[in-house]
Amino acid sequence: MSRPGLVLEVDERTPPVLVHEGEGFRLERFPLGTRVVYPPDPLPGIRDVEAAIRDALLNPLGSEPLPELLYPGMRLTIVFDDLSIPLPPMQAPDIRQRIIEQVLEMAAAKGIDDVELIAANSLHRRMTAAEIKHIVGERVFASFWPERLRNHDAEDPDDMMLLGRTKHGEHVEINRRAAESDLLVYVNVNLVAMSGGSKSVAVGLASYRSLRHHHNVDTLRHSRSFNDPEHSAMHHSYDRMHELLIKHVRVFTIETTMNNETFPAQFSFLNKREWEWSLRDQGAFLAAKGANELAPAKVRRRIWQGVRAPYRPTGVHAGATTEVHPHTLANIHRQQLTEVHGQSDVLLFGLPYICPYNVNSVMNPILVFSLGLGYYFNMYRGAPLVREGGVLIMYHPMPVEFHPVHHPSYIDFYEEVLAQTTDQATIESKFEEQYATDPWYIHLYRSSHAYHGVHPFYMWYWGAHAMEHLGDVICVGANRRAAARLGMRAASTLADALEMASDTVGHSPSISYLHSPPLTLADVR
Amino acid sequence: MGLASDVRLLRRGRDWRGRATVPRSAEPWAPRRESRQFPTAWARTPLARAARVVALDGVLRTLAWSQTRPEVYGTDLLSDVRGPVVFVSNHSSHLDTPLILGSLPPYLRRWTAVGAAADYFFDARWRAIGTALIFNAFPVERHGQDRGGRRGPEGGAAPSRSGRSGRGAVRRGGGTSLDTASALVVDGWNLLLFPEATRSQDGWMRRFRLGTAQLCCQHGIGAVPIAVRGSYAAMPRGRNWPRSGRPTVVVRYGRPLYPGPGESMRDFSARLERAVVRLWAEQDVGWWESMRGSASDDVPAAASANKQSANKQVAAARGPDAASWRRIWEASRPLPPAQRRRRIWPR
């Protein structure tokens, strides 16, 4: 049995603690009494993954076994999560490949000809052929690419279908091929409690018209947190949409969960608690840090983006979405949940080099904002780790860099929108429509590998709850101009940041540090 | 940040093998190991008793009497004492045990075993052997004992570094020690116990714990209250030899107390503590005044005045309610040598 999560109280015995800061990391000495929230140790992976998948398909929850749902002449669509999860991308073979191969084996045995595979990338960028190949594997790729294996295109009017409106008036519009299929098999990887469940189809195959009902400032302000579906307005909206769409299309969901072995052997010290570092780990730390600092920026990025996580599956569940998802959530909680008693005045965390939207790309300042105030801030259940009016201190160099192919609308959002205001409600009402319907961004989304024009807005809304909750946000080591543009303050060191925070929380605040990655979900009581 | 500073930072808190100490809050929980008691039965064999006569009567008593000026009162009250009984004293110095044992009549001294802190006197084998041989000591567990002198909100010892509360620990740790003590009582041995459980930090009396009273109530045996004064001034904590100039120390015995029928151990413990407090006060105010102060509340006319006087005695034994240094200052004031007779009747 793996060790549960831990809340460490920094004492004079505590060695310096590791902090991520973009494409780098450092050791930091926190003030005595700081609470450090560690995740549970990695759970043991499933020994026979193939057997577990087969078992899940043959003994699904709330559904007939998959082979019984398959028949000759049917339209079968297999939909899978895109490259935004898991993070970092997992070592081959990807769990999605292993599942898709078994589903296709069963479909072939039943003599089904009309099979199509669609990546549920929603308004994310189209994946390249190599990226898709990494997810589905060579055999599937060779058999289906490019005609019957493709990215979802949310801006193709002929390929979208409006299924109706929920009782709250929310449009449910998804991919036509999926909507008109006799069976939709959704293959999911769940890394955080936010993903999976009703979100999979309702978001992954949706259009802007549908997404705007839950990806908006008001909904996100009332999603506390969006990693706690029960208390997330966003998930309530997903559920309503899912309820409507399963009246039109039969969905067979296959959900998987991973343990938290996030970094490969050469970076294994990043997975460990610092006082347990062996001499080898310490050597690896020094070597990795030294080499990282000496390497040219391009090489450094290539190395980091080349990291493949040795994740091992901890659960495979299949069947009706509503039946499957509680099991998935339980597995995620088993791996990530750490009980924390009470909130603190200051929350600290180090932001790593990767977020869902910069795989094989560049982490621009808006993504830093979204990762910090969105994803990391919301890694809680119950109550935020920091009290209302408290201060968030995060570490990231925040260089003003953008990937011109992947994030064209981000550049304009940064230069044009944020230069005028950082207020989310104003941005939503004044600029969102314009960016979402801009023909040039739509063209780049459909034909190039660009994120949709509205995507940077969603990233900005992602931090809506945090911005409403926090008294101040300080970024250690950040580019001052970039931080100021995002409405934050930059500090050179932690001591400076705490000094700056003293205006808000006094000179002896209580401090919590979320030690992540590997991902930690704080269960604040 | 350069490599050198990274190395420096990395080396912080790690030993030469690169191993770091586990932070306290990350230490794994482990069930408490049952402590194995140091066997002391050999110290009560005829051979050991013969050796003790030489070591205690011959050497230690001589040394104590040569380095201090002991004044012993109340031994006449012990003439009717037939064991087993428990000698109960306040405790502020390592001198207390040799002074008490040295002042006891030989027929009681030779049949007296001393309860000694297991974590202090029995932590190393050589010390355990020496203590058991010279003092006929047996180990008393005092887990969670507050050595810092702080008190918790309910009068028990504040939580120790190990996180166990003193009170609960006495109950737990008292189990084995009480068993040993009970066995000794059953075998007819007198016991010398210090219910404060540790030497006073500042020379003043602390609240008694219940173990001694429990033992008396359990076996229906008597307890002889003893007050030792001046030992803190003569040899406080931190000293291993008395101050020069033969400081005066006073050992005062009281009349044996027996648990009454139906008397709870808590009540008996309180009575015992009052008796020691009275003996403490006798040094300052004389026998009659101290007796008046601790007279029974059963006499209604005198009850109110007596209560006030008793409270004064307890307050006097607890020391002044003042800064730590002032308490130590007062406690370390040497006792005047008894040259003139004290008045029994007040003027």
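Bear in mind these aren't lab numbers, they're just calculated from the coordinates by the rules spelled out. Just so you know, these numbers come straight off a predicted model, no measurement behind them. Virtual Cβ from ideal backbone geometry, glycine too; neighbours counted across all protein chains shown.
If R0 is 30 Å, what FRET efficiency do you get for B:Arg8 and A:Asp503 from their C-beta distance, rounded to 0.05?
My answer for the efficiency is 0.40.
Just tell me which lysines come within less than 18 Å, Cα to Cα, of A:Lys289; anything on the same chain fewer than 8 places away is out.
A:Lys272, A:Lys298
How many Cβ atoms of partner chains, on average, are near each residue of B:20-31 if near means within 10 Å of its Cβ?
6
Label points 7 Å out from Cα along the Cβ direction at A:Tyr71 and B:Leu77: separation in nm?
If labels sit at A:Tyr71 and B:Leu77, their model points lie 10.3 nm apart.
Ranked from highest to lowest mean number of other Cβ atoms within 10 Å per residue, what is the order of the peptides A:349-360, A:127-138?
Final packing ranking: A:349-360, A:127-138.
If you plug each phi of the stretch A:168-182 into the Karplus form 6.51 cos²θ - 1.76 cosθ + 1.60 with θ = phi - 60°, what whole-Hz ³J(HN,Hα) values come out, in order, with x for Gly and Pro?
Whole-Hz 3J(HN,Hα) from phi for the stretch A:168-182: 8, x, 7, 5, 10, 10, 10, 4, 5, 4, 5, 5, 9, 7, 6.
How much length would be gained if the chain were fully extended between A:Arg165 and A:Gln434, taking 0.36 nm per residue of separation minus their Cα-Cα distance, in nm to one decimal?
Length gained, A:Arg165 through A:Gln434: 94.4 nm.
Counting only other chains, and only Cβ atoms inside 10 Å, what mean value do you get across the residues of A:23-30?
Averaged over the peptide's residues, the number is 2.
Using R₀ = 51 Å, calculate the FRET efficiency as 1/(1 + (r/R₀)^6) where r is the Cβ-Cβ separation of A:Asp48 and B:Val53; round to 0.05.
With R0 = 51 Å, the Cβ-Cβ based efficiency is 0.10.
Let's see if you can work this out: charge +1 on each Lys and Arg Cβ, -1 on each Asp and Glu Cβ, no other charges. What is the dipole magnitude of the stretch A:124-208 about its Cα centre, in debye to the nearest 20?
Roughly 260 debye for the stretch A:124-208.
Among the lysines, select those whose C-alpha is under 24 Å from the C-alpha of A:Lys167, and discard any that sit fewer than 8 residues away in the same chain.
Of all the lysines, those that pass the test against A:Lys167 - Cα under 24 Å, at least 8 places apart if same chain - are A:Lys199, A:Lys247.
Of all beta bridges DSSP finds with both residues in the stretch A:49-258, what is the antiparallel percent, to the nearest 5?
Antiparallel: roughly 25 percent of the beta bridges in the stretch A:49-258.
Show me, for the stretch B:241-257, the HN-Hα J-couplings you get by feeding each phi into the Karplus relation (A = 6.51, B = -1.76, C = 1.60, θ = phi - 60°), rounded to Hz, glycine and proline as x.
Using θ = phi - 60°, the values come out as 8, x, 4, 6, x, 6, x, 6, 10, 10, 10, 10, 8, x, 6, x, 10 Hz.
With unit charges on the beta carbon (Lys/Arg positive, Asp/Glu negative), name the residue among A:Gly372, A:Gly62, A:Ser278 whose Cα is farthest towards the positive pole of the charge dipole of the protein assembly as shown.
A:Ser278
Please get the size of the charge dipole for chain A, origin at its Cα centre, with Cβ charges of +1 on Lys and Arg and -1 on Asp and Glu, quoted in debye to the nearest 20.
700
Would you kindly state how much longer the chain becomes between A:Thr128 and A:Arg29 on full extension, computed as 0.36 nm times their sequence separation minus their alpha carbon distance, in nm to one decimal?
Computed gain between A:Thr128 and A:Arg29 is 31.4 nm.
Quick one: compute the contact order of the stretch A:75-206, relative version, from alpha carbon pairs under 8 angstrom and 6+ residues apart, as a percent.
So the answer I get is 37 percent.
Given R₀ = 41 Å, FRET efficiency for B:Ala270-B:Trp126 by Cβ-Cβ distance, to 0.05?
The calculated FRET efficiency here is 0.55.
Just name one of A:Ala51, A:Gly137, A:Ala107: the one whose Cα is farthest towards the positive end of the charge dipole of the protein assembly as shown (beta-carbon charges, Lys/Arg +1, Asp/Glu -1).
A:Ala51
Given 0.36 nm per residue, what is the gain on full extension from A:Asp496 to A:Asp156 after removing their alpha carbon distance, in nm?
117.3 nm
Through the Karplus equation 6.51 cos²θ - 1.76 cosθ + 1.60, θ set to phi - 60°, convert the phi angles of the stretch B:233-239 into ³J(HN,Hα) values in whole Hz; use x for Gly and Pro.
Per-residue couplings from phi come out as 5, 7, 8, x, 3, x, 9 Hz.
Assigning unit charges at the beta carbon (Lys, Arg +1; Asp, Glu -1) and nothing else, what dipole magnitude in debye, to the nearest 20, does the stretch A:49-258 show about its Cα centre?
Around 420 debye, computed over the stretch A:49-258.
Students often check this: by mean Cβ neighbours within 10 Å, which of A:110-122, A:52-64 ranks highest, and how do the rest follow?
Sorting A:110-122, A:52-64 by mean packing, highest first, produces A:110-122, A:52-64.
Counting only residues 5 or more places away or on other chains, whose amide H sits under 5 Å from the amide H of A:Asn151 once H atoms are built in the peptide plane?
A:Ala119
Compute the distance from the alpha-carbon center of the stretch A:287-337 to that of the stretch A:159-219, in whole Å.
Centre-to-centre distance over Cα atoms comes out at 24 Å.
Rounded to the nearest 5, what % of the DSSP beta bridges within the protein assembly as shown are antiparallel ones?
30
Which ordering of A:Glu68, A:Glu170, B:Glu282 is given by a fewest-first count of other beta-carbon atoms within 10 Å?
Going from sparsest to densest Cβ surroundings: A:Glu68, A:Glu170, B:Glu282.
Hey, fewest Cβ within 10 Å first, where do A:Trp145, B:Trp241, B:Trp280, A:Trp275 land in order?
Exposure proxy ranking, most exposed first: B:Trp241, A:Trp145, A:Trp275, B:Trp280.
List the residues whose amide H sits under 5 Å from the amide H of B:Phe87, counting only those 5 or more places along or on another chain, with H placed 1.01 Å from N in the peptide plane.
Those qualifying (amide H under 5 Å, at least 5 residues apart or on another chain) are B:Leu191, B:Leu192, B:Leu193, B:Val224.
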